[in-house]
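The values are calculated or read from the model by the stated rules, or taken from the named source; none is laboratory data. Not measured: the values here are computed from a predicted model. Every residue, glycine among them, receives a Cβ derived from its backbone with ideal geometry; neighbour counts consider all protein chains shown.
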Amino acid sequence: MNKKLLVVLWIGLILGWRMAAGAAGLTVRLDNPPPEGMVVFVLFNSANTFGDLRDPVKVVKHTLDGRDLYDIRDLPPGEYALLVYYDKNNNDRIDRNFIGIPSEPIGFSNSYQPKGPPSFNRAAFMLKEGMTRHFDVKLARPLGKLGRIGIGVGVIARSSPYRDYKGGVYQVIPAITYTGARVQIYGPKVSVGLVGSGKLRMAATGSYRIGVYEENESVFLDGMGDRKSTLMVGLALQADLPGGVDISASYEHDVLDRIGGGTARFEIGKSFQYRVFRFSPEISVNWLGSTLSNHDFGVPAGKALPDRPAYDPGNTVSAEGGLGTFVEITKDWLVIMRTDVELLDDAVTDSPIVNDSYVIKGFGAITYVF
């Protein structure tokens, strides 16, 4: 054997030894392994991809063969979070229900059992060179048999664009949350899955629409009457795009006929995680039918005054941007917040009772999830 070949083999052995010495690994014990099928170990190294359970850095599959201890080897040093799921139908993916929550039994590192979108910070761990870490993981369906319900208190708030209006509009409400296979309730909004699942679906939606002003809060609204709150119900077409981007097109109508008319909305958003915070920025385009628009910003002929002429804005279109925040304070206590800024149509800002070109809207709640 010539000297060059010996040198190459020696260098290869040294590099292989150093790589093996630097690699890390995991041992995972399943507390309640299913009797048969496939179990999948999924590793993430990014908070954003972990929040959506997509784009893992490593996937290891094992056939369930009666053992409860499994090895995952040859991992580069770094920070990870582990998801384990039971691939009952052996289709090489996490089956999800209508609203995107895993429907197969799952478990996480650090004995983490989230009651909302999973937090990377709660499940994360460090692997150093040559280290082997051990985790006991219990597999369970995230929603149990009946779904998850939360009870708390919340507030709906809205700034006022009206002339000389004192403050804004606020209302305290019970913060009832529920997440089930096809039903999701978050404060003033509800969604019920109709057809489809996962990446493309259609849902029936409902939302509580707070009255936009009280006449005694501004002299320019005197005699106009308080604006009414009502219930809006409609349909939404929702889709999940690559990269964790969500889009939705919806229409809702006043089913109580307190005002009449309807509104449509097209929105696009994406979620990001930082520690126990999940941020969901969204932008949207809103269409407000003439009945609702006139109710909010118009002046009927019978209510006209010299400094408040009759006015009908007709159909209006506005642009809106907002940020939703989900905070996992503990495994049981969750905080949900949302703030939006709506830029009003020129037809609205031309109204004799309107002074500002925007509206700030928000909802916040704290809930205990069972």
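Of all the strands (runs of 3 or more DSSP E) wholly in the range 178-279, which have at least 1 residues that are among the basic types (Lys, Arg) and within 22 Å of the chain's Cα centre (by Cα)? Steps first, answer last, please.
On the way: elements: 183-186, 189-197, 200-209, 230-241, 245-254, 262-270, 272-274.
Once the strands (runs of 3 or more DSSP E) in the range 178-279 are filtered for at least 1 residues that are among the basic types (Lys, Arg) and within 22 Å of the chain's Cα centre (by Cα), what remains is 189-197, 200-209, 262-270.
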**Q.** Count of the range 265-295 residues which are crowded, with 17+ Cβ neighbours inside 10 Å, without any contact (Cβ under 8 Å) to a residue 40 or more places away in the chain and in contact with a Phe, Trp or Tyr (Cβ under 7 Å, 6 or more places away or on another chain)
**A.** 1
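Residue by residue, here is whether (1) touching a residue at least 12 places away in the same chain (Cβ under 8 Å); (2) within 30 Å of residue 150 (Cα to Cα) holds:
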{"site": "306", "(1), (2)": "no, no"}
{"site": "313", "(1), (2)": "yes, no"}
{"site": "316", "(1), (2)": "yes, no"}
{"site": "336", "(1), (2)": "yes, yes"}
{"site": "342", "(1), (2)": "yes, yes"}
{"site": "350", "(1), (2)": "yes, no"}
{"site": "363", "(1), (2)": "yes, yes"}
Q | Residues that are in a strand (DSSP E or B), over 20 Å from residue 228 (Cα atoms) and out of contact with any Lys or Arg (no Cβ under 8 Å at 6 or more places or on another chain), drawn from the range 284-334 | A | 305, 308, 317, 318, 319, 320, 321, 333
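Determine, yes or no, whether residue 370 is hydrophobic (A, V, I, L, M, F, W, C) and at pLDDT below 95. So that I can check it myself, show each step before the final result.
Details: hydrophobic (A, V, I, L, M, F, W, C): yes; at pLDDT below 95: yes.
Spelling it out, residue 370 is indeed hydrophobic (A, V, I, L, M, F, W, C) and at pLDDT below 95.
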Q: Select from the range 32-66 the residues that are of a type outside the set (A, V, I, L, M), part of a loop (DSSP other than H, G, I, E, B) and either in contact with a strand residue (DSSP E or B) (Cβ under 7 Å, 6 or more places away or on another chain) or under 18 Å from residue 102 (Cβ atoms) (or both) and list them in ascending order.
A: 32, 33, 34, 37, 45, 54, 55, 56
(Q) Restricting to the range 280-302, and then to whatever is under 19 Å from the mean Cα position of the chain (by Cα) and among the polar types (S, T, N, Q), can you tell me which residue is farthest from residue 348 (Cα to Cα)? (A) 280
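For the structure I just gave you, tell me whether residue 149 is within 18 Å of the chain's Cα centre (by Cα) and aliphatic (A, V, I, L, M).
On the way: within 18 Å of the chain's Cα centre (by Cα): yes; aliphatic (A, V, I, L, M): yes.
Judged against the criteria, residue 149 is a match.
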Q: Please work out which residue is nearest to the chain's Cα centre (by Cα), limiting yourself to the range 108-146 and to residues that are surrounded by 15 or more Cβ atoms within 10 Å (Cβ to Cβ) and among the small types (Gly, Ala, Ser).
A: 116
